[in-house]
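Enquirer: One structure follows; several queries about it will come next.
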Amino acid sequence: MILVLNSGSSSLKYALFDGAARVAAGTVERIGEPGSPTPDHEAAIAQVADQVGLSTLPLDAIGHRVVHGGAGFQKPTVIDDDVAAEIRSLIPLAPLHNPANLQGIDLTRRLRPDVPHVAVFDTAFHATLPAAASTYALDRAVSRRYGIRRYGFHGTSCAYVSRRTAALLARPIEELNLIVLHLGNGASATAIQSGRSVETSMGLTPLEGLAMGSRTGDIDPAVAFLLARQAGMSVDDLDDLYHHHGGLRGLCGDNDMRTVLRRAADGDGDARLALDVYCHRIRRYVGAYYAVLGRLDAIAFTAGIGENSPEVRARTLAGLLRLGITVDPARNATGPAERVISADGAPVSVCVVPTDEERAIAEEVAALLNQSAPAPVVSSVDKT
Ligand code: ADP
């Protein structure tokens, strides 16, 4: 069995897999928030340990989602003290995420030192970005000194969704040029050629790119200069403004897309603008990534908004018939969770493909364990 832990800054998701079967799963929410029964990550891990019976569970491994793997971690990695120290050294690149990931790692390594702990990095899938896509046009000496480049995130989800999309279309992934639109609270677009990430909208951190639930996404860097000089904002003020008061929430006060859609349908101007900005930004990336890929075979929508909002999908891709992109209204409205929503015979297959980060992590951990397992001893019984 493989236990997967996905610790965010204020939540801890877990799932337990026995082969392909998910035998337990859950989420501890509002960790450390006022009035929450879970004061910190240690308490959250203790709750999960209790729920799954961690101390006696027959485990093959524990898989940990780690958001930032820097330039060094390009694949899932068994965690020893050196690996843990290296993940710690990457905290300046992911101050919100890596500390929570590390706490989960440290606590569970202490509770279950007998099983391999494997780190699965959000950045790893994007290790294939060509230099033209990963390099900021910034003084190279400064970039080198501080590790400043575009890393990309949501990689585990993108890899999983691209494999599922190829299966849905019954085509080898090596033949496909795809755009994956991961639209959750965080949101990103990724261009994938033959299963390899060649462009992605998140950069040094998960702040760049699409407008998100509460993050600004792309914004002229000079906005920070103006606010520092004119409004006297500190770096921490700006960090908070960009991460927590941008995106849908910054534009209309709500970060939940369901509420934004309801308000927009009722004619609320702020919610309409928020929705317009949100969809326009995605559309701009689709056009840009189409050009990067040269030929586009499929677009896959995934995560909370991508999987569940026909309206966002339809608005984002409206009027692109000349690019071979269509959305069939009936297929878009309803159907099985995983489906094609473009017209039959359309040059670009538009798809809805649910992501499953915990399953994707478990699959990566299982693949690593199988690689490193000693070759099975062939018994005399097997030989006959
Ligand atoms: P996270 O990035 O935290 O994993 P999710 O992938 O769960 O987030 O996505 C959360 C977003 O999905 C929220 O904005 C939520 O409003 C949106 N969402 C969930 N269900 C629907 C729905 N039926 N229609 C529109 N948006 C939805």
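Enquirer: What accessible area, in Å² to the nearest ten, does a 1.4 Å probe give for residue 88?
Expert: Near enough 110 Å² of accessible area.
Enquirer: Starting from the Cα of residue 229, step 7 Å along the direction of its Cβ; do the same at residue 36; then give the gap between the two resulting points in nm.
Expert: Modelled inter-label distance: 3.9 nm.
Enquirer: Please give the peptides 175-181, 12-18, 44-50 ranked by average Cβ packing (other Cβ atoms within 10 Å per residue), highest first, as a rough proxy for protection.
Expert: Per-residue Cβ counts within 10 Å, averaged per peptide and sorted highest first, yield 175-181, 12-18, 44-50.
Enquirer: Going highest first, how would you order 110-116, 89-95 by mean Cβ packing within 10 Å?
Expert: The peptides rank, most packed first, as 89-95, 110-116.
Enquirer: In what sequence, highest mean first, do 182-190, 347-355, 124-132 appear when ranked by Cβ atoms within 10 angstrom?
Expert: Most protected by this proxy first, the peptides run 182-190, 347-355, 124-132.
Enquirer: Ok, one more. Shape of region 171-352 from its Cα gyration tensor (a ≥ b ≥ c, root eigenvalues): rounded if a/c is under 1.5, otherwise prolate when a/b > b/c, or oblate?
Expert: In terms of gyration-tensor shape, oblate.
Enquirer: For residue 300, enumerate residues with amide H under 5 Å from its amide H, sequence gap 5+ or separate chain, H modeled in the peptide plane.
Expert: 179, 180, 181, 351
Enquirer: With r as the distance between the Cβ atoms of residue 55 and residue 291 and R0 = 51 Å, compute the FRET efficiency 1/(1 + (r/R0)^6) and round to 0.05.
Expert: E between residue 291 and residue 55, to the nearest 0.05, is 0.40.
Enquirer: Provide the gained length on full extension for the span residue 18 to residue 284, in nm with one decimal, where the gain is 0.36 nm per separating residue minus the Cα-Cα distance.
Expert: 91.6 nm
Enquirer: Something else: Just to verify a number: what accessible area does residue 216 come out at with the full protein assembly present, 1.4 Å probe, Å² rounded to tens?
Expert: 20 Å²
Enquirer: Want the number for residue 367 to residue 337: 0.36 nm per residue separation, take away the alpha-carbon distance, what's left? Each step should come with its number before you reach the end.
Expert: Values: separation 30, 0.36 × 30 = 10.80 nm, distance 2.61 nm.
Residue separation times 0.36 nm, minus the Cα-Cα distance, leaves 8.2 nm.
Enquirer: Continuing with this model, one more query. To the nearest 500 deg cm²/dmol, what mean residue ellipticity at 222 nm is calculated for the chain from DSSP H runs of n ≥ 4 alone, each contributing -39,500 (n - 2.57), summed and divided by the residues?
Expert: Working: 16 runs with 159 residues, N = 384.
Taken over the chain, the calculation gives -12000 deg cm²/dmol.
Enquirer: Same structure again: Under the rule of at least 5 residues apart or a separate chain, name every residue whose amide H is placed under 5 Å from the amide H of residue 198.
Expert: Amide H neighbours of residue 198: 191, 192, 193.
The values are calculated or read from the model by the stated rules, or taken from the named source; none is laboratory data. All of these numbers come straight from a predicted model, not from anything done at the bench. Virtual Cβ from ideal backbone geometry, glycine too; neighbours counted across all protein chains shown. In case anyone asks, the SASA skips ligands and DNA or RNA and just uses the protein heavy atoms, side chains included. Shrake-Rupley method; radii C 1.70, N 1.55, O 1.52, S 1.80 Å.
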